[in-house]
1. Considering only residues that are under 12 Å from Val21 (Cα atoms) and not aromatic (Phe, Trp, Tyr), look in the range 51-66 and name the one that is modelled with the lowest pLDDT.
2. Of the conditions (1) over 16 Å from Arg22 (Cβ atoms); (2) more than 13 Å from the chain's Cα centre (by Cα); (3) assigned to a loop (DSSP other than H, G, I, E, B), Pro44 clears all except one; give me its number.
3. Filter the range 61-77 down to residues that are assigned to a loop (DSSP other than H, G, I, E, B) and either exposed (fewer than 12 other Cβ atoms within 10 Å of the Cβ) or hydrophobic (A, V, I, L, M, F, W, C) (or both), then give me how many there are.
4. Looking for whichever is more than 20 Å from Asp11 (Cα to Cα) and either touching a Gly at 6+ places or on another chain (Cβ under 8 Å) or among the charged types (D, E, K, R) (or both) here; the options are Arg91, Arg63, Arg73. Which one fits?
5. Does the range 1-27 hold any residues that are surrounded by 10 or more Cβ atoms within 10 Å (Cβ to Cβ), assigned to a loop (DSSP other than H, G, I, E, B) and modelled with pLDDT of 85 or more, and which are they?
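The values are calculated or read from the model by the stated rules, or taken from the named source; none is laboratory data. What you see is a predicted model, and the numbers here were worked out from it, not measured in a lab. Note: ideal-geometry Cβ built from the backbone for every residue, glycine included; neighbour counts use all protein chains shown.
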Amino acid sequence: MKKEDPRQKIDVDGVELLWQVRHLRVHDNFEGEKGISISVEQKPGRTRELIIDFPYSAFGRERMPKEKDLIPRLVAAIRAAMEGGWDPESRGRTVRYKVPAPEENA
């Protein structure tokens, strides 16, 4: 029996990407609460992976955010990573993008 692929499709400004949750919110003894982490790739295993780390404050105590809350923030984070130099069609080492905490934007 074939295992179902956990990746979901998302379109960001005409670029079709695949995303999946790497981990939900967790507690780190050194950093405290850490938010959800998501992996984004255009062609898994063939193009450069983007890892997006959301701060705990982005979704709070919600273990797995509702899709209606997550998707707009995910799209915004992907756009910011692209503006910062991540090219979804390139190859090479994984790029990590840490979403600024809401209080850091004030």
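1. Among those that are under 12 Å from Val21 (Cα atoms) and not aromatic (Phe, Trp, Tyr), it is Arg63.
2. (1)
3. Step one: of the range 61-77, the residues assigned to a loop (DSSP other than H, G, I, E, B) are 61-66.
Now narrow it down to the ones that are either exposed (fewer than 12 other Cβ atoms within 10 Å of the Cβ) or hydrophobic (A, V, I, L, M, F, W, C) (or both): 61, 63-64, 66.
Number of matching residues: 4.
4. None of the others qualify; the one that does is Arg63.
5. Correct list: Arg7 only.
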